[in-house]
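Quick notes on the structure that follows.
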Amino acid sequence: MVDFRDQSKRRLQQTFPTYREAKAFQKAVLNQVEKREYFRPTQKTVGELAEEWYQRKVASGTYRYSALRSWGNHVERYVKADLGNIRVDTVTVSTIEKVAAEWGNRVGAKSVNKVLTTLTAVMAMAKRHDLRRDNPAAEAERIKVATEEEGQNEIDLDKVYTKDELKSLIGATQEGSRERILVMVLALTGHRIGELLALDWDGIDFKAPALDVRQNLSDSAKGDDFLFQAPKTKSSKRRIPLPQELVRELRIWKLRCPRSEKDLVLPTEEGKPYFRKTISKLLDRVIDQAQVKRLTPHGLRHTFASLLLADRRPVTEVAYLMGHKDSSVTLKVYAHFVRTETGAVQALAASILGGGK
């Protein structure tokens, strides 16, 4: 038996079948204690730790439903399924990389790397709680993500409305109605659906006139409280000028708008925020009446950007209105709409070869 105290002065004992093994352990453990690197063996498994980590995230009440749903999927379908029975203090980098390679046969590289990021957070908790001194998930090699072909994520004409189609869509709604506000705000201000659902009347300046994007409504499960949060990025907070046509509709709608605790611009009749699926169904009904192609609410946001760029508005201006981090994002997604004919090449040749100065 080896009888020793760790760096926190806790008395510990461990037995071995032979004197030689005990002496070897004693030498190693006293060296670890001296360097303050000793960690008492734990029986906790990776699956138990992952579940504890996830439940803490849920209990905090500060995370978006979409993030919790994603983490829960990672924990249940990957971490617990393939690493769950391994003790926290014995899992190795090679074990994690082997399992990650197996995940790569089931899902794409991006998805595997997201699961590894979740596992890294779980193992970081183990390190904080003195269950081990390193984080093997952080050291595990990520799967290389192939470079996407240029333009793969571009929005093309099939994903947006033309001006005539948008006019038909708005015309299929009644003046000052919920449906008209839904269509016009998304298509004429470029709101994300979460930003629209969180929009309150204090965010609208009728004198300017302008609209301030200040918060976002996160996804939530049925029965859960709605989670209002600040926009994801600093650039998402923005002030958008309002056209007079939309100001007029908003003034009419404000007189009819149901009362709500958050003073929302678009609440249900009971004064609650809408679920995203319900908003999509409202839009689908308007699309059926207008007899235009079916797009999602996000398609109206794409329409806003594409029409501005087609009218040759500066990319930097559109990037700001969309809440993009920088104009490179706008260029990548909407490159199709900023391609215009140019005489620059002809002018350059003429200035060189035609005697111009």
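In this structure, the residue pairs whose Cα-Cα separation is over 32 Å, taken from K262/K332; K232/K332; K80/K232, are K262/K332. Estimated from helices alone, the mean residue ellipticity of the chain at 222 nm is -15000 deg cm²/dmol (sum of -39500 (n - 2.57) over DSSP H runs with n ≥ 4, per residue). Under 8 Å for C-alpha pairs, at least 6 residues apart: give me the relative contact order for the range 46-139, rounded to a whole percent. Relative CO of the range 46-139 lands at 33 percent.
Extension gain for the segment S327 to K207, taken as residue separation times 0.36 nm less the Cα-Cα distance, is 40.3 nm to one decimal.
Please work out the Cα center distance from the range 25-98 to the range 1-15, rounded to the nearest Å. When both Cα centres are located, 24 Å separates them.
Suppose the Debye formula is applied to equal point scatterers at every Cα of the chain; what is log10 I(q)/I(0) at q = 0.10 Å⁻¹? Each listed q corresponds, in turn, to -0.81.
Of the GluC sites (Glu not before Pro) in the range 230-295, the ones in a loop by DSSP (not H, G, I, E or B) with at most 10 other beta carbons within 10 Å are E261, E269, E270. Assuming charge only on the beta carbon of Lys and Arg (+1) and of Asp and Glu (-1), the dipole of the range 198-303 about its Cα centre is about 360 debye to the nearest 20. The packing ranking of peptides 117-124, 321-328, highest mean first, is 117-124, 321-328, where packing means the average number of other beta carbon atoms within 10 angstrom of each residue. With the simple model of a label 7 Å out from the Cα in the direction of the Cβ, A349 to V107 spans 5.3 nm.
Projected onto its three principal axes, the C-alpha set of the range 157-338 covers 43, 38, 36 Å, listed from the longest axis down.
Taking the Cα centre of the chain as origin and assigning +1 to Lys and Arg Cβ atoms and -1 to Asp and Glu Cβ atoms, the resulting dipole is close to 960 debye.
Explain nothing, just the number: dipole magnitude of the range 261-337 about its Cα centre with +1 on each Lys and Arg Cβ and -1 on each Asp and Glu Cβ, in debye rounded to the nearest 20.
Computed about the Cα centre, the dipole is about 340 debye.
The stretch between E270 and Q7, if pulled fully straight at 0.36 nm per residue, gains 88.7 nm over its current Cα-Cα span.
Using DSSP to define loop residues, name the GluC sites (Glu not before Pro) in the range 167-219 whose beta-carbon has at most 12 other beta-carbon atoms within 10 Å.
Answer by residue number: E175.
Taking all Cα pairs closer than 8 Å and separated by 6 or more residues, the relative contact order of the chain comes to 15 percent.
One decimal place: the segment R69-Q289 gains 75.7 nm when fully extended, by the rule 0.36 nm per residue minus the C-alpha distance.
Restricting the calculation to Cα atoms, every distinct pair contributes to the Kirkwood radius of the range 180-251, found to be 12.8 Å.
Of the trypsin sites (Lys or Arg not before Pro) found in the range 20-86, those that fall in a DSSP loop while having at most 15 other beta-carbon atoms within 10 Å are K35, R36, K44.
Listing E21, E51 from fewest to most neighbouring C-beta atoms within 10 Å gives E21, E51.
Just so you know, all these numbers are worked out from the coordinates, no wet-lab data involved. These numbers come from a predicted model, not from an experiment. Heads up, the Cβs are rebuilt from the backbone with ideal geometry, glycines too, and the neighbour counts pull from every protein chain shown.
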